[in-house]
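Right, one structure below, let's go through it.
The values are calculated or read from the model by the stated rules, or taken from the named source; none is laboratory data. Nothing here was measured: the structure is a model prediction, and the numbers come from that model. Here the Cβ is made from the backbone with ideal geometry for all residues, glycine too, and neighbour counts use every protein chain on show.
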Amino acid sequence: MIEQLHDISTHDESRQGEAYSQDGNESKEYSGKFYIESYGCQMNFSDSEIVASILNKAGLGATRNHEEADLVLLNTCSIREKAEQTIRKRLQDLRKSKASNPGMLIGILGCMAERLKSKLLEEEKLVDLVVGPDAYRSLPALIETANGGQKAVNVLLSREETYSDISPVRLDSNGITAFLSIMRGCNNMCSFCVVPFTRGRERSRDPLSIEAEARDLFDKGFREVTLLGQNVDSYRWYHPETSEAFSFANLLERVALIHPDLRVRFSTSHPKDITDDVLYTIAKYENICNYIHLPVQSGNTRILQLMNRTYTREWYMAKVDRIREIIPDCGISSDIIAGFCTETEEEHADTLSIMDYSKYDMSYMFFYSERPGTLAAKRYQDDIPEGIKKRRLQEIVEKQNRLSKESYQQDIGKTYRVLIEGDSKRSKDDWMGRNSQNKVVVFPKPGDRFKKGDYAMVEISGATQATLIGKAV
Ligand code: 5AD
Ligand code: SF4
């Protein structure tokens, strides 16, 4: 109920624990097989594609069946306690596979590896490898160590690593939309968040390698790239010779200019950092999607201060105004936390009212989960009882449901340009795609007029909670 809505940006609940396989060419030329499952944010799913590329070069091919794998990897998330519990449970299941296949190695990648480090090896005896997000290049060496019977750990964080020279292996891709990571790490230090500790300092990837990757995707038939970073608006790259700065707005423009039929999306934006420059760039290029994921977290200034978000309620509302002014038909979505330390009922009501003000099309909604080592865990008491957190979250979810419904109803009668991603889940007779605002659009196939990757003009005639229904015109 709570995390059900799908989105490109952070946590797509339908994809948690997704196993990857390589389309078609499974294994033959490889000396062994690996299996990988991904949890958490889009960045993690994108990292799994880098891991796959590294492992392919080391002679391992992907399989979708963990029982036949020589190496089983879980790319993990630490964002909330529940995320870590899910992974602990998964390890329990894998115990059986390991019992029947003792030669199999089990590795933990990603944020949980970084947070718990070698403690994970003590706590989870069946784990052989622990590898943090900046250490994937060392995987082949670590696998060798583990194959030799020793436990292998590398959780070093880096100030430079961006994997920019590694061409990700697109796993289980629809062939039309792809994620492209443009930076790593985060310097923001939101007090609730474990990410600065698990993913290290912020660093931006060389724009030429980003552009080359996007161009290559377009040449391979992809029609949409989503530029990924924890805080894309602080993307900044300095030319090594001229020291000239290259901003996120510059990058957006460069990628948009590759081809008018290549759509560009991005995530995540921070309200304190998104600039008018970025908004004007979105407005200028038809193929930069009119959609911004702008997490508010709370609608109350005192709570925002405790969260170390560095903006006020008024500042956030002014950003929303600015977006609506420069990009009138822009979709906006959010992340919201209920029941942060010391939050009163009035402060919670401020969150509900800022949702009304912002008219989000969609939100990811959570109750606060204290994470060890974060600023909030050190400074504040997690003093809101779970029952109250859950009731407040429920009110936020109900508010969002009403807002989503209104937003989707208002689209009836409009005509949108839709990028076709494939068959609809329900029927092979219908196409599924998205409009610029990131809303899913389903419409009956008009004979064989279109194929996957085409753009169709679709007139909207109806809407459910999270889908627009229409007809090609
Ligand atoms: N508790 C609850 N939600 C959290 N998020 C991040 N840390 C926590 C936490 N400790 C949410 C924020 C963030 C999203 C990715 O997850 O809303 O934007
Ligand atoms: Fe992504 Fe944060 Fe989870 Fe790490 S902890 S996988 S950065 S959401």
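Residue-wise test of (1) of a type in the set (A, V, I, L, M); (2) free of Cβ contacts under 8 Å to residues at least 12 places away in the same chain; (3) more than 23 Å from Leu294 (Cα to Cα).
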residue	(1), (2), (3)
Arg205	no, no, no
Leu208	yes, yes, yes
Ala212	yes, yes, yes
Asp216	no, no, yes
Glu224	no, no, no
Leu228	yes, no, no
Thr242	no, yes, yes
Phe246	no, no, no
Leu252	yes, no, no
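Any chance the stretch 396-413 includes a residue that's within 12 Å of ligand 1 (Cβ to nearest atom) and touching a strand residue (DSSP E or B) at 6+ places or on another chain (Cβ under 9 Å)? So that I can check it myself, show each step before the final result.
Taking the stretch 396-413 first, the residues within 12 Å of ligand 1 (Cβ to nearest atom) are 396.
Within this subset, residues satisfying the condition of being touching a strand residue (DSSP E or B) at 6+ places or on another chain (Cβ under 9 Å) are 396.
Scanning the stretch 396-413 turns up at least one residue that is within 12 Å of ligand 1 (Cβ to nearest atom) and touching a strand residue (DSSP E or B) at 6+ places or on another chain (Cβ under 9 Å).
Residues of the stretch 187-223 being farther than 16 Å from Tyr163 by Cα and within 15 Å of the chain's Cα centre (by Cα), which ones?
The answer is Val195, and nothing else.
Looking at this structure, is Arg159 more than 16 Å from ligand 1 (Cβ to nearest atom), within 30 Å of Met307 (Cα to Cα), of a type in the set (D, E, K, R) and not in a strand (DSSP E or B)?
Values: more than 16 Å from ligand 1 (Cβ to nearest atom): yes; within 30 Å of Met307 (Cα to Cα): yes; of a type in the set (D, E, K, R): yes; not in a strand (DSSP E or B): yes.
Considered against the rule, which asks whether it is more than 16 Å from ligand 1 (Cβ to nearest atom), within 30 Å of Met307 (Cα to Cα), of a type in the set (D, E, K, R) and not in a strand (DSSP E or B), Arg159 comes out as yes.
Does any residue of the stretch 253-264 turn out to be in a helix (DSSP H, G or I), closer than 23 Å to Arg379 by Cα and not acidic (Asp, Glu)? Can you show your working first?
To start, the set of residues in the stretch 253-264 that are in a helix (DSSP H, G or I) comprises 253-256.
From what's left, closer than 23 Å to Arg379 by Cα: none.
No, that holds for no residue.
Residues checked against (1) among the hydrophobic types (A, V, I, L, M, F, W, C); (2) within 12 Å of ligand 1 (Cβ to nearest atom); (3) in contact (Cβ under 8 Å) with a residue 12 or more places away in the chain:
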site	(1), (2), (3)
Ile332	yes, no, yes
Gly339	no, yes, yes
His348	no, no, yes
Asp356	no, no, yes
Tyr368	no, yes, yes
Gln381	no, no, yes
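Filter the stretch 33-64 down to the residues that are part of a helix (DSSP H, G or I) and either touching a His at 6+ places or on another chain (Cβ under 9 Å) or within 16 Å of ligand 2 (Cβ to nearest atom) (or both) and list them by number. Reasoning before the result, please.
First, the residues of the stretch 33-64 that are part of a helix (DSSP H, G or I): 42-57.
The answer is Gln42, Met43, Asn44, Phe45, Ser46, Asp47, Ser48, Glu49, Ile50, Val51.
Rundown of residues vs (1) away from ligand 1 (no atom under 16 Å from the Cβ); (2) modelled with pLDDT under 95; (3) in contact with a helix residue (DSSP H, G or I) (Cβ under 8 Å, 6 or more places away or on another chain), yes/no style:
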{"residue": "Ala178", "(1), (2), (3)": "yes, no, yes"}
{"residue": "Gly185", "(1), (2), (3)": "no, no, yes"}
{"residue": "Cys193", "(1), (2), (3)": "no, no, no"}
{"residue": "Glu213", "(1), (2), (3)": "yes, no, no"}
{"residue": "Asp233", "(1), (2), (3)": "no, no, yes"}
{"residue": "Phe248", "(1), (2), (3)": "yes, no, yes"}
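Please list, ordered by residue number, the helices (runs of 4 or more DSSP H) wholly in the stretch 65-128 having 2 or more residues that are within 21 Å of Gly148 (Cα to Cα). Don't jump to the end; show me each part of the working.
Working: elements: 81-100, 111-116, 119-123.
Once the helices (runs of 4 or more DSSP H) in the stretch 65-128 are filtered for at least 2 residues that are within 21 Å of Gly148 (Cα to Cα), what remains is 81-100, 119-123.
Within the stretch 19-33, does at least one residue satisfy the condition of being at pLDDT 95 or above, more than 16 Å from ligand 1 (Cβ to nearest atom) and buried (at least 18 other Cβ atoms within 10 Å of the Cβ)?
yes
Yes/no matrix, rows are residues, columns are (1) closer than 22 Å to Leu252 by Cα; (2) more than 15 Å from ligand 2 (Cβ to nearest atom):
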position	(1), (2)
Gly185	yes, no
Val194	no, no
Glu202	yes, no
Arg215	yes, yes
Glu224	yes, yes
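Does Tyr39 satisfy the criteria of being surrounded by 20 or more Cβ atoms within 10 Å (Cβ to Cβ), hydroxyl-bearing (Ser, Thr, Tyr) and more than 16 Å from ligand 1 (Cβ to nearest atom)?
On the way: surrounded by 20 or more Cβ atoms within 10 Å (Cβ to Cβ): yes; hydroxyl-bearing (Ser, Thr, Tyr): yes; more than 16 Å from ligand 1 (Cβ to nearest atom): no.
No; evaluated as a whole, the condition is false for this residue.
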